[in-house]
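Here the structure comes first, spelled out in structure tokens, and everything after it is commentary.
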Amino acid sequence: MAELKIELEHVLGTRHLPSTAATVDEVLAQNGIPRTMVQTYFLRGERMSVIPGWTRLDEVPADVDVVLVRALRNTLFDTILPWAPGPALPAGYGVGFQAIATEPGGRAVRHGTVLDETAAKALVSGEVGEFVEEYAVAERGCVFGVSGGGDSNALAYGLSAALPPEHLTAFTLVFADVMTRAAADRATVLCQDLGIDHRVYSEVDTALLLGMTTSLDQLYSDFSDAFGTEALHFFGTFLILKAARAIGRQSGFTDLAFGYNREDLLAELLFMIMNGRAPLSYPVRQIGEQRIVMPVWKAPKLLLDACHPSFSMENYRERDAHTTRQRSLAFYLGHSLDSVYPSFGTSFLDGASRAFAGHFGELRHYRELDVFVTSDATPERLDRVAAVLRRHFPGEQTA
């Protein structure tokens with residue numbers, strides 16, 4: 001078995017595929033080759049047999065000379081994948097990013113850079129500053145939720161540098177696994193360091209803020225009964241947005257900033273398209289007289305976490321482990337784009353924003369409960385949601 005050759009055959013010739021993997025599919029993954037782009041064969045002299053990619057290499061028959069992986073398309077792998085060793089990738093403390101550069105001869109070479117905490121903050125702060133200027137956020141005033149985790153912490157750092165303090169308000173909701181008291185304490189420390197007005201809302205405070213007739217515990221109990229306990233993330237998103245809108249109305253600020261990152265939007269975009277729906281607008285989303293703004297929409301999750309690594313790690317350890325399979329799949333696919341080819345996700349988001357310009361999915365105001373719903377919301381779905389919310393919120397509110 002030590003002499004077994006695993007070869008890739010394609011339009012630029014035949015290459016040996018080095019591997020320590022257990023299966024052919026794992027060999028392909030190690031070399032950055034999608035398994036659906038190749039057919040795999042056993043070669044025994046002149047005889048050829050097709051085999052599945054999950055074939056274990058330690059179970060290859062002794063009379064097989066070569067495991068041949070044949071490209072099904074005329075794909076110029078050499079111009080995409082770093083086949084030959086390039087410059088040594090840097091080591092160090094920080095988050096690593098890769099890029100593929102093409103040399104004059106057409107060979108792809110992998111390059112890498114490491115950003116420490118200071119460099120990560122500077123990069124994010126620059127992106128937020130450009131966003132604030134482009135979309136006139138400072139003039140409108142801004143409310144944002146801060147969780148003590150990576151995305152919102154990095155957003156706080158950028159917003160504090162880009163907006164005057166009197167035009168910026170941060171808040172944290174404390175409720176079960178949506179946001180822990182420890183997360184609120186981290187958010188308080190961060191906002192104090194940055195000079196940001198920060199408000200922490202207990203369960204009672206939140207119920208008063210939202211004008212509820214019951215409690216958060218009762219609302220979440222009804223929500224779980226209707227939609228399942230794995231929908232906690234959706235409950236948290238609903239609660240935080242509703243609180244942000246209320247705080248915005250109180251303060252007179254009309255922009256609601258969220259730390260939606262590159263993979264967040266890729267996951268949402270892919271989910272909407274694969275379900276036959278037009279995506280919602282980004283990086284600005286109008287909801288009545290207010291706007292949801294996404295200043296770090298181009299930043300990958302890795303970069304945002306690197307701005308405050310210890311806070312990010314603590315936040316992950318406190319999170320509820322449950323979520324829906326559909327949500328997991330969408331995020332897996334979203335993260336896969338940049339994993340397959342560096343920065344491909346950015347190109348995808350930029351292209352989609354141009355393609356759907358003027359044709360993004362619409363949000364309409366459901367006045368009875370002061371919520372915004374997509375055009376895909378059927379009467380049956382609306383009735384199901386309304387049946388839950390009516391028990392906890394008074395009738396008709398103003399936007």
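The values are calculated or read from the model by the stated rules, or taken from the named source; none is laboratory data. Bear in mind the structure is a predicted one, so any value in this text is a computation, not a measurement. Positions of Cβ are generated from backbone atoms using ideal geometry, with glycine treated the same way; all protein chains shown enter the neighbour counts. Only protein heavy atoms, including side chains, enter the accessible area calculation; ligands, DNA and RNA are left aside. Shrake-Rupley method; radii C 1.70, N 1.55, O 1.52, S 1.80 Å.
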Evaluate region 40-47: report whether one residue or more is at pLDDT 90 or above and loosely packed, with under 12 Cβ neighbours inside 10 Å. yes
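Would you mind finding the one in Ala182, Ala161, Ala176 that is aliphatic (A, V, I, L, M), at positive phi and open to solvent by 40 Å² or more (accessible area, probe 1.4 Å)?
After applying the criteria, what remains is Ala176.
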Inter-residue pairs, beta-carbon under 6 Å, first in contact (Cβ under 8 Å) with a residue 40 or more places away in the chain and in region 89-110, second open to solvent by 60 Å² or more (accessible area, probe 1.4 Å) and polar (S, T, N, Q), 6+ apart: Phe97/Thr113
Can you tell me which residues in region 276-289 are closer than 10 Å to Asp255 by Cα and free of Cβ contacts under 8 Å to residues at least 24 places away in the same chain? none
Where in region 304-370 are the helices (runs of 4 or more DSSP H), entirely inside, with at least 2 residues that are within 17 Å of the chain's Cα centre (by Cα) and over 30 Å from Thr79 (Cα atoms)? 309-318, 325-340
Only one of these is among the hydrophobic types (A, V, I, L, M, F, W, C), more than 18 Å from Leu303 (Cα to Cα) and at pLDDT 90 or above: Val69, Val128, Val95. Name it. Val69
Looking only at residues that are farther than 20 Å from Trp83 by Cβ and in contact with a helix residue (DSSP H, G or I) (Cβ under 7 Å, 6 or more places away or on another chain) in region 105-120, which one is most open to solvent (accessible area, probe 1.4 Å)? Glu117
Selection from region 288-317 of residues that are open to solvent by 40 Å² or more (accessible area, probe 1.4 Å) and among the hydrophobic types (A, V, I, L, M, F, W, C): Leu302, Phe311, Met313
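With the requirement that a residue be of a type outside the set (A, V, I, L, M) and surrounded by 18 or more Cβ atoms within 10 Å (Cβ to Cβ), what does region 200-241 give you?
Answer for region 200-241, where residues must be of a type outside the set (A, V, I, L, M) and surrounded by 18 or more Cβ atoms within 10 Å (Cβ to Cβ): Tyr201, Thr206, Tyr220, Phe223, Phe235, Gly236.
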For region 10-28, which residues satisfy the criterion of being surrounded by fewer than 17 Cβ atoms within 10 Å (Cβ to Cβ), at pLDDT below 90 and not hydroxyl-bearing (Ser, Thr, Tyr)? Val11, Leu12, Gly13, Arg15, His16, Pro18
Tell me which of these Ile292 doesn't satisfy, since it passes every other one: (1) more than 15 Å from the chain's Cα centre (by Cα); (2) more than 21 Å from Phe253 (Cα to Cα). (2)
Kindly indicate whether Glu139 is out of contact with any Leu (no Cβ under 9 Å at 6 or more places or on another chain), in contact (Cβ under 8 Å) with a residue 60 or more places away in the chain and open to solvent by 60 Å² or more (accessible area, probe 1.4 Å). no
Determine if region 195-213 includes at least one residue that is over 30 Å from Arg381 (Cβ atoms) and part of a helix (DSSP H, G or I). yes
Please state which one of Thr36, Thr55 is more than 26 Å from Lys301 (Cα to Cα) and touching a helix residue (DSSP H, G or I) at 6+ places or on another chain (Cβ under 6 Å). Thr55
If we keep just the residues of region 318-368 that are more than 26 Å from Leu302 (Cβ to Cβ) and touching an Asp or Glu at 6+ places or on another chain (Cβ under 7 Å), which is surrounded by the most Cβ atoms within 10 Å (Cβ to Cβ)? Glu368
Going by the structure shown, is Thr188 among the polar types (S, T, N, Q) and assigned to a helix (DSSP H, G or I)? yes
Could you count how many residues in region 84-104 are open to solvent by 80 Å² or more (accessible area, probe 1.4 Å) and more than 19 Å from Asp338 (Cβ to Cβ)? 5
Assuming Arg285 fulfils every condition listed in (1) touching a Lys or Arg at 6+ places or on another chain (Cβ under 9 Å); (2) charged (D, E, K, R); (3) surrounded by fewer than 20 Cβ atoms within 10 Å (Cβ to Cβ); (4) not in a strand (DSSP E or B) apart from one, which condition is it? (4)
Residues of region 371-399 satisfying the condition of being free of Cβ contacts under 8 Å to residues at least 40 places away in the same chain, closer than 21 Å to Thr237 by Cβ and in a loop (DSSP other than H, G, I, E, B): Ser375, Ala377, Thr378, Arg390
